[in-house]
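Inspection log for the structure reproduced underneath, given as C-alpha cells.
The values are calculated or read from the model by the stated rules, or taken from the named source; none is laboratory data. For clarity, every value in this text was computed on a predicted model and none was experimentally measured. Every residue, glycine as well, gets a Cβ built from its backbone with ideal geometry; the counts of neighbours run over all protein chains shown. In case anyone asks, the SASA skips ligands and DNA or RNA and just uses the protein heavy atoms, side chains included. Shrake-Rupley method; radii C 1.70, N 1.55, O 1.52, S 1.80 Å.
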Amino acid sequence: MTTSDSECFDGVLKGACSLPITAMVKYTWFKLNAYFNDRRNKSTTQLNSGKNWCKYALDIFMRNKVKAEHHSVTRLSTQQQSYQVDTLHNPGTARHRDHTHGVNLLQRTCTCQKWNLYKIPCSHIIVVCIRHQHDAKQYIDPCYSVDYSYAPIFLALKDKLSWPNPKETRRVLPNPQLIREKGYPIST
C-alpha cells in the first residue's frame, strides 16, 4: 500500500478515469470482484494447507513467543485469571531496567497495551499461556483468521432493463459562483 488510501485507489482505477460513470462503476465492480476472488482463493489454499492465521499475525506471534522465553510469571488470582509478568533487563531498550506487567486473561488486558493495539497476544500473554497450559493462539483476534476476510461472494450485475425506475428525477443546476474563469488559476 502506498502512503494514502486515495493514492492506492488511484493506482487500481487508473484505467477507469476517462470512462463514463456507468462504465466506471462496472470497471470498479469487476476490479473489486477480481481482488476478492484472488484473495479468497489464496485463503482457501492456506486453509487447505493447515494454516488458520495470516502470515502477518503469525510473524508477530512468533517474535513475541521468542521474547516470552525470558519472562517470569506469578499467578495473582486463579478465578480472575490475573497474573504478574516480570521481564528481564533488555539492553536494547532506552530504559535499562526490568519491567513488570499485569495480565488478565478474562478481561483480555495487559498493561503494555500491545494486545489491545495489535489484537495479537504480546509476549506477556504468551508466557502466561505457556506456563499455565492455555492455548495462546485462541487470543489472536478473528480478523487475522484466513477464512474471515474474503468470504463475501459477489452476485452478477443486473441488466440495465431490470433497474428500478427512479421515483423522482432531479434537475441539477450549476452554481454560478463556483464557475472558474478562463485561464490558469492565480496562485499566491
Are any residues in region 43-61 surrounded by 11 or more Cβ atoms within 10 Å (Cβ to Cβ) and either of a type in the set (S, T, N, Q) or free of Cβ contacts under 8 Å to residues at least 24 places away in the same chain (or both), and if so, which ones? Ser43, Thr44, Thr45, Gln46, Asn52, Lys55, Leu58, Asp59
Among the residues of region 67-85, which ones are over 10 Å from Cys122 (Cβ atoms), within 31 Å of the chain's Cα centre (by Cα), open to solvent by 90 Å² or more (accessible area, probe 1.4 Å) and not polar (S, T, N, Q)? Glu69, His70
Counting only residues in region 120-148 that are open to solvent by 10 Å² or more (accessible area, probe 1.4 Å) and among the hydroxyl-bearing types (Ser, Thr, Tyr), the one farthest from Trp53 (Cα to Cα) is identified as Tyr139
